[in-house]
1. DSSP beta bridges in the chain, what fraction antiparallel, as a percent rounded to 5?
2. Going by average Cβ density within 10 Å per residue, which order do the peptides 232-244, 297-309, 93-105, 74-86 take, highest to lowest?
3. For region 50-111, what is the largest minus smallest coordinate of the Cα atoms on each principal axis, given in angstrom and ordered from greatest to least?
4. In whole percent, what relative contact order does the chain give with Cα contacts below 8 Å and a gap of six or more residues?
5. Among the listed pairs Lys54/Lys162; Lys291/Lys378; Lys54/Lys100; Lys468/Lys489; Lys378/Lys438, which have their C-alpha atoms separated by more than 18 angstrom in this model?
6. Compute the orientation-averaged projected area for the chain from the convex hull of its Cα atoms and round it to one decimal in nm².
7. Pull out the extension gain between Val61 and Glu283, defined as 0.36 nm times the separation in residues minus the alpha carbon to alpha carbon distance; nm, one decimal.
8. Before anything else, pin down the relative contact order of region 395-497: Cα pairs under 8 Å, at least 6 apart, normalised by residue count, whole percent.
Amino acid sequence: MAETIAVENPATGETIREVPVTSPEDVAGLVERARAAQPAWEALGYAGRGRILKRAQQWLVEHAEEVADTIVAETGKAREDAMLVEVAYGANALGFWPRKAPKWLADERVRTTNPFVLGRSMVVRYRPLGVVGVIGPWNYPLVNSVGDAIPALAAGNAVVVKPSEVTPLTSLLFQRGLHEAGLPEGIFQVAVGTGETGAVLIDHVDMVMFTGSTRTGRKVMERAAQTLTPVSLELGGKDPMIVLADADLERAANAAVYYSMQNGGQTCISIERVYVEAPVYDEFVAKVADKTKALRQGPPEGAGSIDVGAMTFPPQMDIVEQHVQQARDAGARVLVGGHRREGAGRFFEPTIIADADHSMTAMTEETFGPTLPIMRVKDADEAIRQANDSPYGLGAAVFTRDVAKGQRVARRVEAGAVCINDAAVNYLALELPMGGWKASGLGVRHGPAGLKKYTRQQAIMTYRLPLKREVHFFPYNAKVTGLITKGLKLFYGRGKA
Ligand code: NDP
């Protein structure tokens, strides 16, 4: 195995840096170090951990330019994509999780209605799991690798992050930031390496937070089954947008273009397909095509220089190209773009595909590129049927001026999150659970459940002494049986059938 990985700038093709690899054999040592450091981190309590994470927030704000430069260099994305979606997300998360953790993970008093255990006091408490392994993809090196580590840290865990081998620099930089903010040694470590390093990490940690493709997600779950290690999986998507005839078409077209092309379309919750009611189809398609023609693409050279960046991961270019070509062959009209760009760097032109249908892979498989296929539908029912005709169920969007109708449509769409007259921005509200249905995932990030998953629950039941009269069931005899029968009748016998 190579001892270093050469990190490439996808927008220029140049090598940025060589970084040492954590071989699969070294992973056990990293986790052992994390395990040794974790109890002291847990013992700091919410306030102690919060102070350090707050300092990390300050560090991130002060080093925002350096972090954005690093993200842009290793992904080839537009600077604004790095700043708005990644740096701003990280800064928010570093304040949010330590603020919520004491409340969402506080001991919970529970009351029972079961008369057979009346009189006991009951408490549910949340303890950190120990060492959490975070395995992340290449499309958002800060949000999806580092971002998932923050709630795990706030809950009192140590974390080992395995970023994509294509984009390890952001995690390494963040490790430096956390260290400068005062995070104790061993609490946040980065295992740079290939998929094999990730696979071995699963064997050693107490929980795996995985973000990546559905194909790899299955492998992760299979591997974790060997050690009964809990997993949380954020996987692929094919998010639909439904545009009803009464929609504000200007807003719908702006959203369709932005949320399909932003980050070069390499976002799990990108809009990947659009269903438009027939009466407004032509107008919507024309608007989207015009707006897409105006987009600027190329190597990001500072603020405001481009709108759509590079394709980060080399094999992704072929997938995008195949989807576009297959749609063309099957009768769709490619109105804008449709080709990879010649010259240095890896770019695929922002592409609009009209008259698409479900015989086309562009409508049924995750494309993960700057493409937007659009299909004409008869009515809302057909739009919902087509939207649900997918193995995925991550996010969705509905556009209509009739908000009540939009909400009714949203409730019929099979997706973990649905925005009305908006798309994808639910991701930024960390209070909301975000997770995929069907093949898009298992579990959620964000919201109370997105924090509790980094803990294990312990139920503590107390029977307070001294007792007025000791009650004991042994020895079993007719009196005990009589009591149970009487209790059954008294407490449950009056239910109505
Ligand atoms: P992959 O599934 O290819 O890789 C994800 C991570 O898993 C990488 O770090 C990879 O390492 C590692 N890995 C590969 N094989 C294994 C293995 N056998 N065991 C453990 N880890 C392994 O995904 P991509 O990086 O290509 O990311 C794109 C995908 O991520 C898209 O499908 C996208 O939809 C999804 N995604 C989902 C999100 C969500 O919230 N639902 C958010 C963002 C992306 P290496 O790269 O070194 O091979």
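1. Details: 25 of 61 bridges.
Counting DSSP beta bridges with both partners in the chain, the antiparallel share is about 40 percent.
2. Working: 232-244: 26.3, 297-309: 18.5, 93-105: 20.2, 74-86: 23.8.
In descending order of packing, they fall as 232-244, 74-86, 93-105, 297-309.
3. 54, 22, 15
4. Values: 1075 pairs, mean separation 86.1, N = 497.
Reported relative contact order: 17 percent.
5. Lys54/Lys162; Lys291/Lys378; Lys468/Lys489; Lys378/Lys438
6. For the chain, the mean projected area of the Cα convex hull comes to 29.3 nm².
7. On the way: separation 222, 0.36 × 222 = 79.92 nm, distance 4.27 nm.
Answer, rounded to one decimal: 75.7 nm.
8. Working: 89 pairs, mean separation 16.1, N = 103.
Taking the mean separation of contacting Cα pairs over the length of region 395-497, I get 16 percent.
The values are calculated or read from the model by the stated rules, or taken from the named source; none is laboratory data. None of these values were measured; they are calculated from a predicted model. Backbone-built Cβ (ideal geometry, glycine too); neighbour counts: all protein chains shown. Quick note on the areas: whole protein, heavy atoms, side chains included, nothing else; ligands and nucleic acids left out. Shrake-Rupley method; radii C 1.70, N 1.55, O 1.52, S 1.80 Å.
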